[in-house]
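Here is the structure we will look at.
The values are calculated or read from the model by the stated rules, or taken from the named source; none is laboratory data. Note that this is a predicted model, so its numbers are computed, not measured. Reconstructed Cβ throughout: ideal geometry from the backbone, glycine too, with neighbour counts over all protein chains shown. What goes into the accessible areas is simple: the full protein's heavy atoms, side chains included, and nothing from ligands, DNA or RNA. Shrake-Rupley method; radii C 1.70, N 1.55, O 1.52, S 1.80 Å.
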Amino acid sequence: MSDVVGSTVVPGTGRLRALEPHVPRMLRGGLVLLAAAYLVQCYSPLRLNLDVIHFVTVAASAADGEGFLFKDTPTYYPIGYAALLSGLERIGLGISWAFVALNCLFIAVGVGASYALYRMHFGYARNAALGLCCLVLLSYVLVKHVTLPMSDVPFLGASLAAVAVIAWAEQYQDRRRWTLLALGAVLAGGAILIRTAGITLLPALAWACFTNGSPLQNGFRRLIRHRRGRLLTAGAALAAVAALFVVLRRFQEKYVREVFGFYDGLSWQEGLETIVERLVTWGELFANVPESKLPAFLGALLPFVGFAGLLVLGAGIWARRRRLRSVEIYFLAYAALMLIWPAFTARFWLAVIPLAMGWVGLAFQRFAGARGAAARFAAPVLALYLAAFMLLGAAALAFSTRITFSGSDFPQVYAGGSMERVYQLAFEGATEAEIREAGLNMIDRIAFRALGRYEPRAHAFGGEPMPLYEIEKQWRASQPVPGQDALRERAQK
């Protein structure tokens, strides 16, 4: 029986062993097919939601030389992704297909970095690493977000590239280590510019600088042997805490206050509900299907799926407890940040899904190598799980492709609700008078203009299109703008 890190990903019988010489070709062919399935999503019309509207509005403001503004104020998101979108527009590629192609490029970087990590950090054989890359591409979270101009997919690519370079640096004790760590620091900076969660790369970078055979490791040990060195170390730690305090003060309106506001006065019942919601999120990730697509009786099982999956993931990380590297440090720091963040959506875990798959595979390898019932059940359970995971991932990819090529039915198939009317007006080439008669609110009007600006299939309007941010100014002059929380509640409903 082949194990998870062996020449095949799925344990098999004699018949499957006969196919082993063809496994590399089959896996490469599967990757090519999945890559083609992702690339055809470039044909999709611009898919909008509340966060997409925010990003394209900020990008339009930057492209027009107004700065990275939203509602006449600097955006509270990092500007990296909006800068990429505005850069595309400045070179004549401010088109919906180019936004999806940019996401595909970051996915290629992320999958390539994942393959490198599977080989050099997790110790997988080539076939197993290729198989895990296929599973990454079949994750419904990645399938869903490749068509959305949001920072999730770019952060996946940038952060995994940084982690891979930092892990690569840990293999050297000479000058190459510092060269690679410098490159890793640059990539980490790029990830932070795309998403604030990139700060969780900094502990991994520090770990690589001071541990695992680093020249600084011995120097640090010599430093803390003396009283003056200990005082210097304590002063540096206090300076780091002070710097962190300044950062928290800078982002307190958006981040810190939201966190403390969520947990302040939380009852034990609400705390229990929060834990269940976290488990539901992980249940969606491990089951590879969102709760909204499941019947009620199956959706009720997701917390148990999430709990069981986390146990397996924890077993995989525990198996490497004596060989902790920057990859584990990054994942644990990222998980700590996400667990206190008051948001319960699978997309926030997208950046670490490839790493989680690596540890889950190690856990199954450990179970298969054990004696007794665990060894007997590990192989068939893994085979059934992989089959279900791939089937659901293929279904998600097929559904997204159906939306991409839905043609005139796109407003009904994708949007629904008030946004359906926005797409219909844009694709029918509505006039300014028809827009006013439609009674669109501010967000819908911005969405309408975003389609006119970035979606070639939306008919041209009469006259020069109004910049997206100008709509906000006119709207605010006529009536109060709803708060961001109210807008998010409306989008969720």
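Apply the Karplus parameterisation 6.51 cos²θ - 1.76 cosθ + 1.60, with θ equal to phi minus 60°, to every residue of region 351-364 and state each ³J(HN,Hα) to the nearest whole Hz, in sequence, with x for glycine and proline.
Listing the rounded values in order: 5, 10, 4, x, 5, 4, 4, x, 6, 4, x, 5, 5, 5 Hz.
Just reorder Ile192, Ile275 by solvent-accessible area, largest first, 1.4 Å probe, all chains present.
Sorted descending by solvent-accessible area, the residues read Ile275, Ile192.
What net charge is computed for the residues neighbouring Thr281, neighbours being all others with C-beta under 10 Å from the C-beta of Thr281, Lys and Arg scored +1, Asp and Glu -1?
Around Thr281, the surrounding residues sum to -1.
How much accessible area does Tyr172 have with a 1.4 Å probe, in Å² rounded to the nearest 10?
Tyr172 exposes around 50 Å² with every protein chain in place.
Express in nm, to one decimal, how much length is gained between Met26 and Leu183 on full extension, taking 0.36 nm for each residue of separation and deducting their alpha carbon distance.
53.1 nm
Leaving out ligands and nucleic acids, and using a 1.4 Å probe, what accessible area per residue does region 299-447 come to in Å²?
Heavy-atom SASA per residue in region 299-447 reads 47 Å².
Using a 1.4 angstrom probe and counting only protein chains, how large is the accessible area of Ile95 in Å², to 10?
Looks like 40 Å² after rounding.
Could you please report the charge total around Ala59, scoring K, R as +1 and D, E as -1 over all other residues with beta-carbon less than 12 angstrom from its beta-carbon?
Net charge in that neighbourhood comes out at -1.
Going by accessible area, probe 1.4 Å, with all protein chains left in place, what is the ranking of Phe348, Phe410, largest first?
Phe348, Phe410
Testing the spin-label approximation: label points 7 Å from Cα along Cα→Cβ at Leu294 and Phe405. State their distance in nm.
3.0 nm
Hey, if we sort Lys144, Lys71 by accessible area with the 1.4 Å probe, largest down, what's the order?
Lys144, Lys71
Tell me which residues come under 5 Å, amide H to amide H, from Phe70 once H is placed; ignore anything under 5 positions away on its chain.
Thr75
Which length gain, in nm to one decimal place, applies between Val40 and Leu238 when the Cα-Cα distance is subtracted from 0.36 nm times their residue separation?
Fully extending the segment from Val40 to Leu238 adds 66.1 nm.
Say each of Arg322 and Ala101 gets a label point 7 Å from the Cα, pointing the same way as Cα to Cβ; how far apart are those two points in nm?
Once both label points are built, they end up 5.2 nm from each other.
If each residue of separation counts as 0.36 nm, what is the full-extension length gain between Lys71 and Phe307 once their alpha-carbon separation is subtracted?
Stretched fully, the Lys71-Phe307 segment lengthens by 80.9 nm.
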